[in-house]
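Single-structure report; data block below.
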């Protein structure tokens, strides 16, 4: 699926974003022996639907849920940046923090959220998602590859510049790359169910996720009965 790829970094705004958008793809990558890491900008502290749960407990709950979901997919390397849910902006601090993780992980491929609004899927275009996508692509180019961008990363932390050449963008308006996740669908669903605070209240959740995958597979012209996740594939010199 991805010749020459050994390490992949996924950058998202919230816990559960990767599992809605790319869990089947992540499971496919790890099954192929590729090391996948997550960088999650917020702790999801504005999430959850149970008023009986103290808001102060939500970040801990959501980090634990994301850690459990990641383990189902074969991912154990998670980086939570700790920004406030619902208030994410494309700041130099966020760009630096994502650049730090890029230089630490040295991925050949990154999966990020779309900085473009998708008018046909407004929930995918949450402001935090768009900010995380914009900050991630800025970190990819020009920040992480430039020794003199965020100089403390090199001068104080000894992190060498790193160039990412391939990016897959989730949930954008112009999908052109599809991954067949049929054989990994059960793991995707299990990962999503691990986010109990976010998904346990949704009636018919499994059917909804399966239908979503079937619709994406149809758009990709896969044969009937297959399930897929879609991306926009970007090659960067």
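Using the structure shown, decide if residue 14 is surrounded by 15 or more Cβ atoms within 10 Å (Cβ to Cβ), within 23 Å of residue 157 (Cβ to Cβ), within 15 Å of the chain's Cα centre (by Cα) and in contact (Cβ under 8 Å) with a residue 12 or more places away in the chain. When the stated conditions are applied, residue 14 does not pass them.
The residues in region 33-75 that are in a loop (DSSP other than H, G, I, E, B) and closer than 15 Å to residue 19 by Cβ can be counted, and the count is 5. Quick check, is residue 107 in contact (Cβ under 8 Å) with a residue 24 or more places away in the chain, in contact with a strand residue (DSSP E or B) (Cβ under 9 Å, 6 or more places away or on another chain) and in a loop (DSSP other than H, G, I, E, B)? Here the answer is yes, as residue 107 does meet what is asked. Of the residues in region 112-135, at least one is in contact (Cβ under 8 Å) with a residue 60 or more places away in the chain, more than 21 Å from residue 178 (Cβ to Cβ) and touching a helix residue (DSSP H, G or I) at 6+ places or on another chain (Cβ under 7 Å). Just checking, does region 5-13 include any residue being at pLDDT 95 or above, in contact with a helix residue (DSSP H, G or I) (Cβ under 7 Å, 6 or more places away or on another chain) and not in a strand (DSSP E or B)? Yes; the residues of region 5-13 include at least one that is at pLDDT 95 or above, in contact with a helix residue (DSSP H, G or I) (Cβ under 7 Å, 6 or more places away or on another chain) and not in a strand (DSSP E or B). Give the residues of region 14-32 that are farther than 21 Å from residue 164 by Cβ and part of a helix (DSSP H, G or I), sorted by residue number. The answer is 19, 20, 23, 24, 27, 31.
Just to check your reading of the model, which residue among 90, 101 is under 17 Å from the mean Cα position of the chain (by Cα), more than 22 Å from residue 228 (Cα to Cα) and in a loop (DSSP other than H, G, I, E, B)? 90 is the lone residue from the list that is under 17 Å from the mean Cα position of the chain (by Cα), more than 22 Å from residue 228 (Cα to Cα) and in a loop (DSSP other than H, G, I, E, B). For region 47-56, does any single residue satisfy the condition of being surrounded by 15 or more Cβ atoms within 10 Å (Cβ to Cβ), in contact (Cβ under 8 Å) with a residue 12 or more places away in the chain and within 25 Å of residue 200 (Cβ to Cβ)? There is at least one residue in region 47-56 that is surrounded by 15 or more Cβ atoms within 10 Å (Cβ to Cβ), in contact (Cβ under 8 Å) with a residue 12 or more places away in the chain and within 25 Å of residue 200 (Cβ to Cβ). Scanning region 116-128 for residues that are closer than 28 Å to residue 76 by Cβ, surrounded by fewer than 20 Cβ atoms within 10 Å (Cβ to Cβ) and modelled with pLDDT of 95 or more turns up just one, 126.
Restricting region 147-166 to residues that are under 14 Å from residue 104 (Cβ atoms) and surrounded by 15 or more Cβ atoms within 10 Å (Cβ to Cβ), the residue that is nearest to the chain's Cα centre (by Cα) is 164. Candidates are the residues of region 187-205 that are outside any helix (DSSP H, G or I) and within 23 Å of residue 74 (Cα to Cα); the one that is modelled with the lowest pLDDT is 200. For region 129-146, the count of residues that are outside any helix (DSSP H, G or I), modelled with pLDDT of 95 or more, buried (at least 20 other Cβ atoms within 10 Å of the Cβ) and under 13 Å from the mean Cα position of the chain (by Cα) is zero.
Give the residues of region 206-236 that are at negative phi, exposed (fewer than 15 other Cβ atoms within 10 Å of the Cβ), over 21 Å from the mean Cα position of the chain (by Cα) and not in a helix (DSSP H, G or I), sorted by residue number. Of everything in region 206-236, those that are at negative phi, exposed (fewer than 15 other Cβ atoms within 10 Å of the Cβ), over 21 Å from the mean Cα position of the chain (by Cα) and not in a helix (DSSP H, G or I) turn out to be 223, 224.
The values are calculated or read from the model by the stated rules, or taken from the named source; none is laboratory data. Keep in mind that what you see is a predicted model, and the values were worked out from it rather than measured. Every residue, glycine as well, gets a Cβ built from its backbone with ideal geometry; the counts of neighbours run over all protein chains shown.
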